[in-house]
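A short worksheet on the structure shown next.
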Amino acid sequence: MSGIAAPLRGVAAVVLDTDGVITDSAHLHAAAWKCAFDTFLRAHPPELLEKQGPFDVLVDYPLYVDGRARRDGAAAFLVSRGVRPDAAVIDAIAAAKDLAYGERLRTGAPVPAFRGTVDLLHTLLSEGVLLAAASASRHAGELLERAHVADLFDAVVDGGEAARLGLRGKPHPDLFLEAARRLRTSPGATAVVEDATAGVTAARRGGFAVVVGVARGGAADRGRLVVAGADVVVGDLGELVTQGAVR
């Protein structure tokens, strides 16, 4: 009897986002974005008073930057504040975010993989399912190595690979399609696991068989993922390992 719960049973491959799905690292990205955006907003406050508040990691992060490429996220947030950014501003904020994130990654405590995710990965592997990690972050491979799970994946497509190949960021499906190509599976036989609405939208646009949302923030996150098109939403991927499954 399969140790995989119904939503993923029967797929040939699973592509997982990294931050917030595999590794407990989304908070590092949110903090780095806040550092970059708040510095910019203090120096260049928007004209409208109601647009001048600091970056809100609970509201602005999931709405504008989570899951997106750095430049796309920077542009989306600034537009939400009534700022019409040029390419130089977008590049400067994206670079500041990357610098802040890298500093937190190097100097902070090790970033672990979620236990429920690791359990699911081992269960999928035991049943012959191919695995890929796909992320807009250029640091995804480093994160997987530090979390001691890199060897569980048959392919990794990160932000560096996306830039090299000219792949569009989420909500375009390019990252996920490239991961499926490297696994030699079709989207119709592949599931995608995401915690960001942009990622869920990308998977839907790519025609993937199953889209699993991970809502670690509760009802609000769950609602956003459902609206974006997730087939099923769980609070932890361990919920997709059936009772009695053996790693």
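Taken together, the values in this text are just the output of simple stated rules run on the coordinates, not laboratory data. Computed from a predicted structure; not experimentally measured. FYI the Cβ positions are ideal-geometry reconstructions off the backbone, even for glycines, and counts take in every protein chain you see.
Which of LEU130, LEU28, LEU41 ends up with the largest GNM mean-square fluctuation for the chain, with Cα atoms connected below 10 Å?
Fluctuation is largest for LEU41.
Taking the Cα atoms of the stretch 27-107, report the difference between the largest and smallest coordinate on each principal axis, in whole Å and largest first.
37, 27, 22
Take THR190, THR242, THR123 and order them by how many other Cβ atoms sit within 10 Å, fewest up front. Before the final figure, lay out each step's value.
Values: THR190 26, THR242 14, THR123 23.
Ordered by Cβ neighbours within 10 Å, fewest first: THR242, THR123, THR190.
For each of GLU145, GLU161, GLU194, GLU239, count neighbouring Cβ atoms within 10 Å of the residue's Cβ, then give the residues from fewest to most.
Working: GLU145 12, GLU161 20, GLU194 28, GLU239 16.
In order of increasing Cβ crowding within 10 Å: GLU145, GLU239, GLU161, GLU194.
Most fluctuating residue of ASP119, ASP86, ASP60 in a GNM of the chain with Cα springs under 10 Å: which is it?
Evaluated over the chain, the most mobile residue of the options is ASP86.
Using a simple charge model, +1 on the beta-carbon of Lys and Arg, -1 on the beta-carbon of Asp and Glu, nothing else, what dipole does the stretch 27-107 show about its Cα centre, in debye to the nearest 20? Don't skip to the end; give the middle numbers.
Values: 11 positive and 11 negative charges, 31 e Å.
The dipole of the stretch 27-107 has a size of about 140 debye.
Give me the percent of Cα-Cα pairs in the chain that sit more than 26 Å apart, rounded to a whole number. List each step's numbers first, then the result.
Values: 11006 of 30381 pairs.
So the portion of pairs separated by more than 26 Å is 36 percent.
Cα-based Rg (one decimal) and Dmax (whole number) for the stretch 154-247, in Å?
Expressed in Å, the Cα Rg and Dmax of the stretch 154-247 come to 13.9, 43.
So if we plug the beta-carbon distance of VAL227 and HIS27 into 1/(1 + (r/R0)^6) with R0 = 22 Å, what FRET efficiency do we get, rounded to 0.05?
On the way: r = 24 Å, r/R0 = 1.07.
Between VAL227 and HIS27 the formula returns 0.40.
Taking the number of other C-beta atoms within 10 Å as the exposure measure, put THR18, THR107, THR39 in order starting with the fewest. Before the final figure, lay out the partial values.
Values: THR18 25, THR107 7, THR39 15.
Least crowded to most crowded, the residues run THR107, THR39, THR18.
Please get the size of the charge dipole for the chain, origin at its Cα centre, with Cβ charges of +1 on Lys and Arg and -1 on Asp and Glu, quoted in debye to the nearest 20. Please report the intermediate quantities before stating the final value.
Details: 27 positive and 30 negative charges, 66 e Å.
Here the chain has a charge dipole of around 320 debye.
Hand me the chymotrypsin sites (Phe, Trp or Tyr not before Pro) from the stretch 1-78 located in a DSSP loop with no more than 10 other Cβ atoms within 10 Å, in residue order please. Could the numbers behind the result be given before it?
Working: sites: TRP33, PHE37, PHE40, PHE55, TYR64, PHE77; in loops: PHE55.
Loop-located and lightly packed - none at all.
Need the C-alpha centroid separation for the stretch 169-194 versus the stretch 1-71, integer Å.
19
By DSSP, what percent of the beta bridges with both residues in the chain are antiparallel, rounded to the nearest 5?
On the way: 2 of 21 bridges.
Just about 10 percent of them are antiparallel.
Among ALA220, ALA32, ALA202, determine the one that fluctuates most according to a GNM of the chain built with springs between C-alpha atoms less than 10 Å apart.
ALA220
Suppose each label sits 7 Å from its Cα in the direction of the beta carbon; what would the ASP56-ARG164 distance come out to in nanometres?
About 4.0 nm separates the two model spin labels.
Need the full-extension length gain, ALA88 to ALA189, defined as separation in residues times 0.36 nm minus the C-alpha distance. One decimal, nm.
Full extension of this stretch gives 32.2 nm more.
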